[in-house]
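Below is one structure; the comments refer to it alone.
The values are calculated or read from the model by the stated rules, or taken from the named source; none is laboratory data. Treat the numbers as computed from the prediction; the structure is a model and nothing was measured. When we count neighbours, we look across all protein chains shown, and the Cβ atoms used for this are built from the backbone with ideal geometry, even at glycine. The accessibility values were calculated without ligands, DNA or RNA, using every heavy atom of the protein model including side chains. Shrake-Rupley method; radii C 1.70, N 1.55, O 1.52, S 1.80 Å.
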Amino acid sequence: MEYLYLLPIVFMIHEFEEIIMLPTWLNNNKSMLCIRFPFMKDKVDSLGNAPIFALTVLEEFIIISACTVVSISMGDLTVWYCCLIAFGLHLIIHIIQFLMIRKYIPVIITSVLCLPYCIWAFIQVRGYYTLNETLLWGFVGVAVCVVNLLFMHKISPKLWNWMNDNNRK
C-alpha cells in the first residue's frame, strides 16, 4: 500500500522542479517558444509567474492529497487511480514536449525520474481494474485535470492579485 502514500510526494518532487526552474527558463526561451508554438504566446507569461504557478500547484497538491486520503480511508482506490493515471500522462506529455523542443526543459529530469513510480504503482493495482475501467477512470482523471487546470489558470492570477491587495492594506 506504500504506493498510495507516495503519489502526493512524487507529484510535489516533480512540481518543485517546475516551480523553481520554469519561470527563468520561460523568460530565456520565450521568443523561441512563441515562434515555434504561436499558440503558446499568451500562456508563457502566466506560466512564467512563479507565485501564480505555485498557487495552481498548491491546489492540485491538495486535490491529489485529498484523493489519496479518501482512497486509503475508504479502501477504494478509484479517485487515487484517476489521479495516478492523469499524473502519469502528464509526465509522458512533458517527455513529448522535451522531444519536440529538442533541448532541456525544466520538467524533463523529474518526469524521467517520476515515471517509473507511476509504472510501478500502476502495476501494483493492475488486478483491481479491467481495461475498460482503466480507460474510463483514465478519461475521468484527465478530464477533471484539464478542466481544473483551465479553471486554475484563470483564477490563480486573480487570487494572487487579491492576496497582494489585502496584504497592502
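Quick notes on this structure:
- Accessible surface, per residue, of the chain when the full set of protein chains is kept, probe 1.4 Å, Å²: 59
- Between I92 and S65, the contour length at 0.36 nm per residue exceeds the Cα-Cα span by 7.6 nm.
- Residue with peak Gaussian network fluctuation, the chain [Cα springs, cutoff 10 Å], from Y128, Y117, Y81: Y128
- A simple charge model with +1 on the Cβ of Lys and Arg, -1 on the Cβ of Asp and Glu and nothing else charged puts the dipole of segment 43-169 at about 420 debye relative to its Cα centre.
- Of all accessible heavy-atom area on the chain, the percent that carbon and sulfur account for (1.4 Å): 72
- The slack between R36 and N164, meaning 0.36 nm per residue of separation minus the straight C-alpha distance, is 42.6 nm.
- A value for Rg and Dmax of the Cα atoms in Å was derived from the coordinates, and within the list (i) 17.0, 56; (ii) 28.5, 108; (iii) 17.5, 53 it appears as (i).
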